[in-house]
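Enquirer: Below is the structure I would like to discuss, written out as structure tokens.
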Amino acid sequence: MKFDFKEKYILENEYVKLQPLENIDFDNLLEYSENEPEIWEFNSGGANGKENLKKYIANAIKNRESEKEYPFIVFDKKSGKFVGSTRFYGIFLEMKTIEIGYTWYGKKYQGSGINKNCKYLMLEFAFYKLEMERVAFAANSKNERSLNAMKSIGCVVEGVLRNCSTDAKGERIDATRLSIIKTEWNENVKNNLKKQTENFASR
């Protein structure tokens, strides 16, 4: 399957819905930008504050138009609210590898099961629809919450890129790289993650 950046991909199950991020989503995400700036403390280019949210959405849409990234807004069906964003990036179709990242959720929805449902849908799409062989992830090495979340869905740590980026304060950071490969997904990661998503119903 060719990744068509103009296509409106909808990934959903009975709990969450991922749809393409658009300019009209500014109002849907504004409450998190204005009230929860700590969401982006570990990385630069976050959406903290009204002006940064505008830049964040504009940049995400620009990168989709230039066929570099495909950003989603995340809708929680239980609360009936938009609760965050995530995206595909680092898309190398000829090498059958893709990255998932730029993921964030409002504080109330962190650890709720939303992330695991989103990751399941995105991994399923990447491995089965796009026929990828490797899905990669990365996080600030100091962001233990994010790294633990990735490991809990089945990601394997590949290594650390030293001094490779900056955090929200402009300070240099190390980034931990992780991945899931298709054989791992088929052998056990898919089933294990599916079981974890089933616990979402009881939250």
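Enquirer: So, in region 128-159, how many residues would count as being part of a loop (DSSP other than H, G, I, E, B) and aliphatic (A, V, I, L, M)? Spell out how you get there, then give the answer.
Expert: Here is the first cut: in region 128-159, the residues part of a loop (DSSP other than H, G, I, E, B) are 130-133, 141-143, 154-155.
Adding the requirement that they be aliphatic (A, V, I, L, M) leaves 130, 132.
Matching residues across region 128-159 total 2.
Enquirer: Out of all the residues in region 160-184, which are assigned to a helix (DSSP H, G or I) and basic (Lys, Arg)? Before the answer, list the steps.
Expert: Taking region 160-184 and keeping what is assigned to a helix (DSSP H, G or I), we get 182-184.
Listed by number, the list holds a single entry, 182.
Enquirer: I would also like to ask the following. Of the residues 44, 33, which single one is free of Cβ contacts under 8 Å to residues at least 24 places away in the same chain and open to solvent by less than 80 Å² (accessible area, probe 1.4 Å)? Spell out the reasoning first.
Expert: On the way: 44 fails: free of Cβ contacts under 8 Å to residues at least 24 places away in the same chain.
Going through 44, 33 in turn, just one is free of Cβ contacts under 8 Å to residues at least 24 places away in the same chain and open to solvent by less than 80 Å² (accessible area, probe 1.4 Å): 33.
Enquirer: Hey, does region 11-33 have a residue that's assigned to a strand (DSSP E or B) and more than 14 Å from the chain's Cα centre (by Cα)? Give the derivation first.
Expert: Keep residues of region 11-33 that are assigned to a strand (DSSP E or B), which gives 11-12, 16-20.
Now narrow it down to the ones that are more than 14 Å from the chain's Cα centre (by Cα): 12.
Yes, the conditions are met somewhere in region 11-33.
Enquirer: Is there a residue in region 99-107 that is farther than 25 Å from residue 195 by Cα, part of a loop (DSSP other than H, G, I, E, B) and not polar (S, T, N, Q)? Break it down stepwise before answering.
Expert: Here is the first cut: in region 99-107, the ones farther than 25 Å from residue 195 by Cα are none.
Scanning region 99-107 turns up no residue that is farther than 25 Å from residue 195 by Cα, part of a loop (DSSP other than H, G, I, E, B) and not polar (S, T, N, Q).
Enquirer: State all residues of region 46-67 that are assigned to a loop (DSSP other than H, G, I, E, B) and under 15 Å from the mean Cα position of the chain (by Cα); if no residue qualifies, say none. So that I can check it myself, show each step before the final result.
Expert: From region 46-67, those assigned to a loop (DSSP other than H, G, I, E, B) are 46-49, 66-67; that's our starting set.
Correct list: 46, 47.
The values are calculated or read from the model by the stated rules, or taken from the named source; none is laboratory data. Remember, predicted model here, so these are calculated numbers, not experimental data. Here the Cβ is made from the backbone with ideal geometry for all residues, glycine too, and neighbour counts use every protein chain on show. Surface accessibility is based on the protein's heavy atoms, side chains included, excluding ligands, DNA and RNA. Shrake-Rupley method; radii C 1.70, N 1.55, O 1.52, S 1.80 Å.
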